[in-house]
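The values are calculated or read from the model by the stated rules, or taken from the named source; none is laboratory data. Not measured: the values here are computed from a predicted model. Using ideal geometry, Cβ is built from the backbone for each residue, glycine included, and neighbour counts are taken over all protein chains shown. For the accessible areas, the whole protein counts, side chains as well, though only heavy atoms, and no ligand, DNA or RNA atoms are used. Shrake-Rupley method; radii C 1.70, N 1.55, O 1.52, S 1.80 Å.
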Amino acid sequence: MLQWVKRHLVSILCVLGVFAPFVGMSLIDTFYFSSVVGWILGFCCFVISYIIVTKRPDEEEETTTHTSI
């Protein structure tokens, strides 16, 4: 389960970032500033996913080296 989350963390954060403002807007009756908090949390999710993508090492394909004699 942890491996699955580690592989799909960026896509999970992007989905959370998209839905956070909508959840915040639906909770406006409970907390007056929930819409602003939802937008901020959505933006933070996108920034964190961008940082993860830029810091994650590229998956290097195995290259075969040919030796010349």
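Hey, among the residues in segment 19-32 that are within 26 Å of residue 2 (Cβ to Cβ) and open to solvent by 70 Å² or more (accessible area, probe 1.4 Å), which one's nearest to the chain's Cα centre (by Cα)? It comes out as 19. Against the numbered list (1) surrounded by 14 or more Cβ atoms within 10 Å (Cβ to Cβ); (2) among the aliphatic types (A, V, I, L, M); (3) modelled with pLDDT under 95, residue 52 comes up short only at (1).
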